[in-house]
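The values are calculated or read from the model by the stated rules, or taken from the named source; none is laboratory data. Please read these numbers as outputs of a predicted model, since none were measured by experiment. Methodologically, a virtual Cβ is constructed for each residue, glycine included, from the backbone with ideal geometry; neighbour enumeration extends over all protein chains shown. The area values use the complete protein model at the heavy-atom level, side chains included, leaving out ligands, DNA and RNA. Shrake-Rupley method; radii C 1.70, N 1.55, O 1.52, S 1.80 Å.
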Amino acid sequence: MKKIFSSLIVVFSLVAFTQCKQSDKSASDSKMKDKLEETQKDIEQERKELASDLHDLRDEIDQKLENVSDKMNDASEDLKKNLEESHQELLDERTKLDRTIDDVENATEETWKDVKREAENTFNDVKQEFQKLTSEIEGTFK
């Protein structure tokens, strides 16, 4: 009888231990799933914010392109040549932004860090070039 009782205690202990391990594993899996979902949400939020900034800058460039086109209609030949060069440079900068927007919108979780870094660099470079071109264009009319 003692042997049966001892055996039952061992069996129950093993069952209880196994269930605890499974419970720990389930809790761990749940925490990992929560962290993964949080990371995905963070990436999506960053993607939206960065894409919005890129779209805003592209809109500014589009407005300046329209402005330069209007000014070219009334400009002298020398001035028109300078404006055409500025216009083309603005188009080139907008093309860079369009490629970067596509990269941001199509990035995967695996590529996000690299795409984000490149997009931020492109944004800063294009913004700086846009400001320089804007100053040059405005200086042309002084």
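Descriptive notes on the structure:
- Couplings for the stretch 101-114, taken from phi via the Karplus curve 6.51 cos²θ - 1.76 cosθ + 1.60 with θ = phi - 60°, read 4, 4, 4, 5, 5, 10, 5, 9, 4, 5, 9, 4, 4, 5 Hz in order; Gly and Pro are left as x.
- Using a Förster distance of 22 Å, the FRET efficiency for Lys80-Asp59 (Cβ separation, nearest 0.05): 0.30
- Accessible-area value, Ile61, 1.4 Å probe, nucleic acids and ligands omitted, Å²: 0 Å²
- In this structure, the pairs whose alpha-carbon distance is over 26 Å, taken from Lys81/Lys132; Lys81/Lys116; Lys35/Lys127; Lys71/Lys116; Lys35/Lys113, are Lys81/Lys116; Lys35/Lys127; Lys71/Lys116.
- Surface accessible to a 1.4 Å probe, Arg99 within the full protein complex, Å²: 140 Å²
- The local environment of Glu37, defined by Cβ-Cβ distances under 13 Å, has a net charge of -2 under the rule Lys, Arg +1 and Asp, Glu -1.
- Spin-label pair Asp70-Thr95: with each label point 7 Å from Cα along the Cα-Cβ axis, the two points sit 2.6 nm from one another.
- Thr111 accessible area, 1.4 Å probe, all protein chains in place, Å² to nearest 10: 60 Å²
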